[in-house]
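Note sheet for the following structure.
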Amino acid sequence: MLLIANWKQNFSWNEAEEWLQELSPRLKEKKELEIVICPPFPFLPLLSQWRNREKLNISLGAQDISPFPDGAHTGEVGWRQLSSWAQWVIIGHSERRQLGENNEIITAKIKQALQGGLKIVLCLRSKEDWPALDWSLEKIKNRLFLAFEPEEAIGSGKPASLESVNKFKEQIASTPVRDFPVLYGGSINARTVTEFIKLSSLKGFLVGSASWKAKEFKALIDVLS
Ligand code: 13P
């Protein structure tokens, strides 16, 4: 089971350290549960140093990646800047799609992430969001995870129904991505997750707000461990 924490645009440096301080004992424990923390870019080295020093049993992910190779792209952060700190990257989050990110950009980002050896969490609001990739999916097996994140469930306190997750699984069953692991994201916390763990087809969860308070994230880890 995979638990991916998307910090989004939250935390000051001090708050990130406090969160780490509080969660470190729990994150040191060896668990079946695989935990990935995706902080804002500037905190990746901080979390990476904590991880190494405290021997935390976590991986780190970026919340986005540049669609370009190194060059004159002001504000972009590419795989060559990320790969020392992150093992994962989130691509195509609906909050970025709302800003105009389309499948052409998303495909270019996937290519860059693969070049950097990163594992990818590709966020899909529905099957229609799947980009038409013009390369063999065989080579990205074990590297690509699909996160079903219906827009209305994100940050609303109301997760999607189990039926909608099943429907998503059914919809992709006839597509080339049917064998890729599926995660669910949208208003998951220690309370709401209990329904979703009944779905054996889910390989894990992508959580936002429930990861921003150490206490809430700890509670979620407890339910999933
Ligand atoms: P919430 O868990 O706050 O609904 O956010 C989900 C999300 O967008 C994770 O990427």
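The values are calculated or read from the model by the stated rules, or taken from the named source; none is laboratory data. No experiment lies behind these values; they were computed from the predicted model shown. All Cβ positions, glycine included, derive from the backbone under ideal geometry; neighbour counts span all protein chains shown.
Report whether or not K141 is within 20 Å of L199 (Cβ to Cβ), away from the ligand (no atom under 15 Å from the Cβ) and under 18 Å from the mean Cα position of the chain (by Cα).
Judged against the criteria, K141 is not a match.
In the set (1) over 27 Å from A214 (Cα atoms); (2) in a loop (DSSP other than H, G, I, E, B); (3) without any contact (Cβ under 8 Å) to a residue 12 or more places away in the chain, the condition left unmet by E128 is number (2).
Test L133 against the criterion of being touching a residue at least 24 places away in the same chain (Cβ under 8 Å), over 18 Å from N6 (Cβ atoms) and surrounded by fewer than 15 Cβ atoms within 10 Å (Cβ to Cβ), and give yes or no. Considered against the rule, which asks whether it is touching a residue at least 24 places away in the same chain (Cβ under 8 Å), over 18 Å from N6 (Cβ atoms) and surrounded by fewer than 15 Cβ atoms within 10 Å (Cβ to Cβ), L133 comes out as no.
Within the stretch 45-61, is there a residue that is under 17 Å from S84 (Cα atoms) and within 15 Å of the ligand (Cβ to nearest atom)? Yes, the conditions are met somewhere in the stretch 45-61. Would you check if there is a residue in the stretch 153-163 being touching a strand residue (DSSP E or B) at 6+ places or on another chain (Cβ under 7 Å) and loosely packed, with under 13 Cβ neighbours inside 10 Å? Scanning the stretch 153-163 turns up no residue that is touching a strand residue (DSSP E or B) at 6+ places or on another chain (Cβ under 7 Å) and loosely packed, with under 13 Cβ neighbours inside 10 Å. Looking only at residues of the stretch 1-31 that are among the small types (G, A, S) and outside any helix (DSSP H, G or I), we find that the one that is farthest from the ligand (Cβ to nearest atom) is S12. Evaluating E138 against the criteria (1) modelled with pLDDT of 95 or more; (2) farther than 22 Å from I35 by Cα; (3) part of a helix (DSSP H, G or I) leaves one unmet condition, (1).
For the stretch 30-58, a residue qualifies if it is of a type in the set (D, E) and without any contact (Cβ under 8 Å) to a residue 40 or more places away in the chain, and exactly one does: E54. I120 meets the conditions (1) under 19 Å from T175 (Cα atoms); (2) in a helix (DSSP H, G or I); (3) within 14 Å of the ligand (Cβ to nearest atom) in every case but one. The failed one is (2).
In the stretch 169-223, how many residues are within 15 Å of the ligand (Cβ to nearest atom), under 18 Å from the mean Cα position of the chain (by Cα) and of a type in the set (G, A, S)? Selection size over the stretch 169-223: 9.
Applying a threshold of 9 Å to beta carbon distances and a minimum spacing of six or more residues, or different chains, the list of pairs starting in the stretch 59-85 at a residue that is under 20 Å from E101 (Cα atoms) and without any contact (Cβ under 8 Å) to a residue 12 or more places away in the chain and ending at one that is aromatic (F, W, Y) and surrounded by fewer than 20 Cβ atoms within 10 Å (Cβ to Cβ) reads E76/F68.
Being touching a Pro at 6+ places or on another chain (Cβ under 9 Å) and within 22 Å of S24 (Cα to Cα) is the filter here; which residues of the stretch 190-225 pass it? Hit for the stretch 190-225 is G204, nothing else.
Note on the stretch 50-65: among residues that are under 16 Å from the mean Cα position of the chain (by Cα) and not charged (D, E, K, R), the one that is nearest to Q112 (Cα to Cα) is I65.
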